[in-house]
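The values are calculated or read from the model by the stated rules, or taken from the named source; none is laboratory data. From a predicted model like this one, the values you see are computed outputs, not experimental measurements. Positions of Cβ are backbone-derived with ideal geometry, glycine not excepted, and every protein chain shown enters the neighbour counts.
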Amino acid sequence: MNNLEKARKQFTTILAILGAIDLLLIVYLLLPGSSPSARAAQEESLREQKQALTREVAPLNGIDKKLAQTRVDVKKFYEDKIPGEFSQISQHLVKLMKDSGVTTAGIRYNQDSRGSAEKDELPGVQKISVETTVTGEYEKVARFINAMEQDRLVFIIDQISLNSQEGGVVSLQIKAETFLKES
């Protein structure tokens, strides 16, 4: 009987182990996310996330080439559109006035007193405020303003104020900003 009891103990132990394995497998099957449909849904969700992230980073593809081209464009912009001396600004404005047929009593400049440490400042350039009063026929003054806005030098018109109007002649005070290369 000794062998029979030993066999019975072994059988009971094996049966208990197999029961525990069955119990674990049943729990595994009943857990959420372990069914094939849940796994398929999770895979689809991951695919959608991958596609969204791929679309999000797509503009960054080739960014090194884009940055190099941007540097070239900025350098060309500075060379073409930003004067190096005040006299270039004055000569250019006087030429625009003559071409438009308006007159001025003078041009005043004011350098921006803010330090160039502000984050909205452009590197290598200084903001210059320009004030002038132009007088002429309405059409010629409008032509001058249009010429300033479309000029090869950068002029940003901030304010236009009507000083006087007599007949067809108007006098406007114009406040604008331009930029000067820092030396």
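Observations
- Meets criteria (over 29 Å from the mean Cα position of the chain (by Cα), surrounded by 13 or more Cβ atoms within 10 Å (Cβ to Cβ) and either over 22 Å from LYS76 (Cα atoms) or among the hydrophobic types (A, V, I, L, M, F, W, C) (or both)) for LEU153: no
- Annotation note: of GLY124, GLY136, the sole residue that is under 21 Å from the mean Cα position of the chain (by Cα) and touching a residue at least 12 places away in the same chain (Cβ under 8 Å) is GLY124.
- Candidates LYS66, LYS6, LYS98, LYS76, filtered to the one that is basic (Lys, Arg) and under 30 Å from VAL141 (Cα atoms): LYS98
- Candidates THR54, THR103, THR70, filtered to the one that is more than 33 Å from the chain's Cα centre (by Cα) and not charged (D, E, K, R): THR103
- Whichever residue in segment 108-134 is modelled with pLDDT under 55 and among the basic types (Lys, Arg) and, among such residues, is surrounded by the most Cβ atoms within 10 Å (Cβ to Cβ): ARG114
- When segment 73-113 is filtered for residues that are over 22 Å from LYS127 (Cα atoms) and not assigned by TED's automatic domain parsing to the domain that holds ILE128, nothing remains.
- Residue among LEU23, LEU96, LEU15, LEU53 that is in contact with a helix residue (DSSP H, G or I) (Cβ under 7 Å, 6 or more places away or on another chain), surrounded by 10 or more Cβ atoms within 10 Å (Cβ to Cβ) and of a type in the set (A, V, I, L, M): LEU96
- Cβ pairs under 6 Å, 6+ apart, first in segment 144-172 and among the polar types (S, T, N, Q), second exposed (fewer than 15 other Cβ atoms within 10 Å of the Cβ): SER161/GLN173; ASN163/GLN173; SER171/ASN163; SER171/SER164
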